[in-house]
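The values are calculated or read from the model by the stated rules, or taken from the named source; none is laboratory data. In this text, all values refer to a predicted model and were calculated from it rather than measured experimentally. Cβ sites come from the backbone with ideal geometry, for glycine too, and all protein chains shown count toward neighbours.
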Amino acid sequence: MLRAPETPQLSTAELLDDAPILVVDDDESLRNLCLRVLTAQGHQAHTACNGEEAIDKVRAQAYRIVLLDLKMSGMDGIECMKRLKAEGCRADVVIMTGFAVVSTAVEAMKVGARDFIEKPFRPQDLQALVEGILQRRSRDSRLSTDPVVAFIQQHATEISSRKDVANRLGVSLERVSTRVLGETQMSFREFLHACRLSLAKRLLETTELDVSEISTRTGFQTVQHFSRVFSKRAGVSPKKYRLQVRSEA
């Protein structure tokens, strides 16, 4: 008896490729601004005025990006993000904050946020942020098939040593080194820096973030260390790299 052809299984990234973007903020004017910017950019976008409404929408609809205000009446952004993750939401979460508290936003990234943006922001800042996240999502769909290397690619800004990787994956330190060297022809530290600097270059190219903030976002302990590593790999300082890229655009 002939068997019906199997339906190909899509990856999470492929399933979310055409999903809309959700904007969550208790400020109606901010929601409307984001809606206009995103739709003008060609994206489908929905809005929610608080955390509870956002959770209800995520239960009914898959989203690829959630723009989430940090300070809202009732449930705040951090708690909402934790609830969304608990509901199985696979969207990239971006924290929106008008309080310019970088440490709080970085803490949000440690518990699951992909990025943050400070309010008030310009339309082009939001456009660049969304485009950068979508590019990263496309890149992540092409991760290494080796679980050790793929883990480093995905979490380069959060890990600092082989031990971090070994503990998270339950493998030996030697296996971490061996798999990275075999897949990339780089040492663990060289590959970790390469992943971090790839993100740093995109931030320099597409945002107005200062170098110190980019160093924090990409996992470096100090801006001095970031600048040394960047200059050694790129041949120019982060500031000069940004100027060169923009002069060539």
Residue by residue through the range 65-88, note down the ones that are of a type in the set (A, V, I, L, M, F, W, C) and over 23 Å from residue 217 (Cα atoms). 72, 75, 86
Go through the range 194-249 residue by residue and tally those that are β-branched (Val, Ile, Thr) and in contact with a Pro (Cβ under 8 Å, 6 or more places away or on another chain). 2
Taking helices (runs of 4 or more DSSP H) that fall entirely within the range 126-196, which contain at least 2 residues that are in contact with a strand residue (DSSP E or B) (Cβ under 9 Å, 6 or more places away or on another chain) and closer than 27 Å to residue 232 by Cβ? none
Do the conditions hold for residue 58, that is, is it assigned to a strand (DSSP E or B) and crowded, with 17+ Cβ neighbours inside 10 Å? no
Between a first residue in the range 117-131 that is closer than 10 Å to residue 41 by Cβ and a second residue that is assigned to a helix (DSSP H, G or I), which pairs have beta carbons less than 6 Å apart while being 6 or more apart in sequence or on different chains? 123/37; 126/37
Search the range 167-222 for residues being basic (Lys, Arg) and crowded, with 17+ Cβ neighbours inside 10 Å, and hand back the single one that is modelled with the lowest pLDDT. 202
How many of the residues in the range 85-112 are modelled with pLDDT of 90 or more and over 17 Å from residue 44 (Cα atoms)? 2
Would it be correct to say that residue 237 is among the polar types (S, T, N, Q), farther than 25 Å from residue 114 by Cβ and surrounded by 14 or more Cβ atoms within 10 Å (Cβ to Cβ)? yes
Is there a residue being over 25 Å from residue 126 (Cβ atoms), without any contact (Cβ under 8 Å) to a residue 40 or more places away in the chain and part of a helix (DSSP H, G or I) anywhere in the range 211-221? no
